[in-house]
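This report concerns only the one structure given below.
The numbers here are math on the coordinates, done by the rules we state, and not lab data. Just so you know, these numbers come straight off a predicted model, no measurement behind them. For neighbour counting, all protein chains shown are included, and Cβ atoms are generated from backbone atoms with ideal geometry for every residue, glycine included.
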Amino acid sequence: MTNLIKLFIAIAGLTAGLSSVAIAAPDAETAYIFNSFSFLVHGFLVMLMAAGFCMLETGLVRAKNAVVQCAKNIGLYSIAGIMFAVFGYNLMYMDVSGWIGTISIWGPADELKTFGGENDATYSSGSDWFFQMVFCATAASIVSGAVAERIKLKSFFVFVIVLCGFIYPIQGSWSWGGGFLSEAGFLDFAGSSIVHGVGGWAALTGAIILGARRGKYGEDGSITPMPGSNLPLATLGTFLLWFGWFGFNGGSQLAMGTAADVAAISNIYINTNLAAAGGVVVAIILTMLFYKKTDLTMALNGALGGLVAITAEPLAPTPMLAIGIGAVGGLIVVLTIPLLDKLKIDDVVGAIPVHLFAGIWGTIAVVFSNSDATIGAQLYGITAIGAFTIIASAILWYIIKITMGIRVTPEEELEGMDLSEVGMEAYPDFRK
């Protein structure tokens with residue numbers, strides 16, 4: 001017992017001594033290790049968002065289409081990784097000259113570094129590739145839910161190939177790659193427009209060209225509800241996305257080699273969490289006012305709308321401003337989901353209001369907390385990214401429609417795509 005007391009006294013004395021000493025700045029190699037570690041661990045968290053999208057979408061589609069959503073999500077994640085290695089990364093980041101990078105196959109360049117010397121590097125190139133790749137997969141996941149329950153599986157995969165290999169990285173090079181949007185002063189910290197906006201624009205064009213699910217909209221203007229099959233699963237998916245978003249925004253600090261970087265990451269986590277909470281609370285309040293009951297699906301999408309909104313600038317806002325930005329994101333979601341129905345644009349999971357509309361708001365909201373942002377540059381970036389993605393996606397959707405078709409037959413849609421597209425069912429014991 002005496003020895004144990006002496007140990008505690010020694011530890012206390014050591015701690016007191018350390019508290020009076022300033023934290024020394026890390027050397028170049030230590031910073032390299034921590035920066036690379038940040039990319040990898042935050043990348044793992046963003047990869048978990050793939051599971052979140054899968055569970056959210058599977059829960060919000062009808063039981064007869066659940067397996068197809070699972071197949072789409074594991075397929076698109078794999079395609080995104082391959083295409084980002086073959087073309088995407090170098091198009092986005094390698095020798096970008098205004099409009100586009102280099103068309104070449106990516107390969108790691110992690111030969112032995114001479115830290116602080118001529119070949120100095122601040123992080124592993126492989127860790128950066130992994131972190132950027134999972135962002136690319138996120139953009140494709142957004143499209144999956146919006147066009148669910150009527151698109152051919154193979155046609156969707158063809159779209160993902162081009163989206164991840166070319167459309168996403170080309171527009172990404174304009175800002176994150178140091179291209180013309182970066183030079184114009186456009187700011188998007190973690191991708192409200194660069195990631196979520198691109199996925200939202202691609203989803204919007206796809207939903208319009210594909211058309212609504214059969215029976216969704218009547219000729220008399222009526223709207224037939226098509227509720228999801230598993231709301232607990234959708235709720236789990238939302239929590240997984242919320243959790244993964246800490247990697248999405250926190251990792252976008254792009255460094256963890258100093259105490260200042262770690263402090264910034266912690267503030268990003270706080271603002272990310274508060275914005276999501278603000279979106280949920282506003283969605284709950286509004287649905288209680290509008291419908292006299294709480295709508296769970298609106299609350300789930302309210303969280304995601306708040307997360308998308310704060311993504312463009314999760315570091316600079318105060319906590320109270322972060323709540324406000326997220327709350328407006330939730331407001332936008334609740335108001336625009338019914339608007340799409342009035343326009344007869346069938347978005348099965350609410351991806352367009354969440355990722356596109358809340359993403360536009362979040363990109364504009366950067367000017368409220370970042371003194372380097374201007375409304376002109378933000379609108380310029382939103383417009384450029386939107387115009388390019390709409391045109392490129394529309395051309396691609398139409399080519400797929402003409403050559404291989406994009407929609408299953410009416411009989412297959414009625415029976416359910418699980419049987420026609422993959423030949424199995426999610427809940428075979430419950431089939432009538």
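Computed quantities for the displayed model
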{"read-out": "Calculated from backbone phi, Karplus (6.51, -1.76, 1.60) coupling profile of the range 350-361 in Hz, x at Gly/Pro", "value": "x, 5, 5, x, 5, 8, 8, 5, 5, x, 4, 4"}
{"read-out": "Distance (nanometres) between label positions extended 7 Å along Cα→Cβ at residue 374 and residue 292", "value": "5.3"}
{"read-out": "Length gained when the stretch residue 28-residue 424 is fully extended (0.36 nm per residue, less Cα-Cα span)", "value": "137.2 nm"}
{"read-out": "The chain - percent relative contact order, Cα under 8 Å, separation 6 or more", "value": "24"}
{"read-out": "Principal-axis tilt of helix 2-19 within the chain, Cα atoms, nearest 10 degrees", "value": "80"}
{"read-out": "Signed unit charges on C-beta, dipole axis of the chain, positive-most listed residue 172, 187, 245", "value": "245"}
{"read-out": "Unit charges at the beta carbon, dipole of the chain: most positive-side option, 400, 86, 338", "value": "338"}
{"read-out": "10 Å Cβ shell holding at most 13 others, DSSP loop, GluC sites (Glu not before Pro): longest site-free stretch of the chain", "value": "220-432"}
{"read-out": "Contour minus Cα-Cα distance for residue 223 and residue 82 (0.36 nm per residue)", "value": "46.8 nm"}
{"read-out": "Whole-angstrom gap from the range 372-432 to the range 193-255, using each part's C-alpha centre", "value": "11"}
{"read-out": "Lysine pairs within the chain, Cα separation less than 14 Å, 8 or more sequence positions apart or different chains", "value": "7"}
{"read-out": "Cα-based shape type of the range 72-113, given that a ≥ b ≥ c are square roots of the gyration tensor eigenvalues and the cut on a/c is 1.5", "value": "oblate"}
{"read-out": "Extended-chain gain in nm, criterion 0.36 nm per residue less alpha-carbon gap, residue 409 and residue 208", "value": "70.6 nm"}
{"read-out": "Exposure proxy order (Cβ contacts within 10 Å, fewest to most) of 331, 289", "value": "289, 331"}
{"read-out": "Residue of 33, 270, 337 that the Gaussian network model of the chain assigns the largest fluctuation, springs spanning Cα pairs under 10 Å", "value": "33"}
{"read-out": "Ranked list, fewest to most other Cβ atoms within 10 Å of each Cβ, for 409, 58, 122, 235", "value": "409, 122, 235, 58"}
{"read-out": "The range 292-432: C-alpha gyration tensor shape, a/c 1.5 cut-off, then a/b vs b/c", "value": "oblate"}
{"read-out": "Fluctuation leader among 407, 214, 150 - the chain, Gaussian network, Cα springs under 10 angstrom", "value": "214"}
{"read-out": "Theoretical ellipticity at 222 nm over the chain - DSSP helices of four or more residues, -39500 (n - 2.57) apiece, nearest 500", "value": "-20500 deg cm²/dmol"}
{"read-out": "Cα-centred dipole magnitude for the chain, charges only on beta-carbon of K, R (+1) and D, E (-1), debye, nearest 20", "value": "1160"}
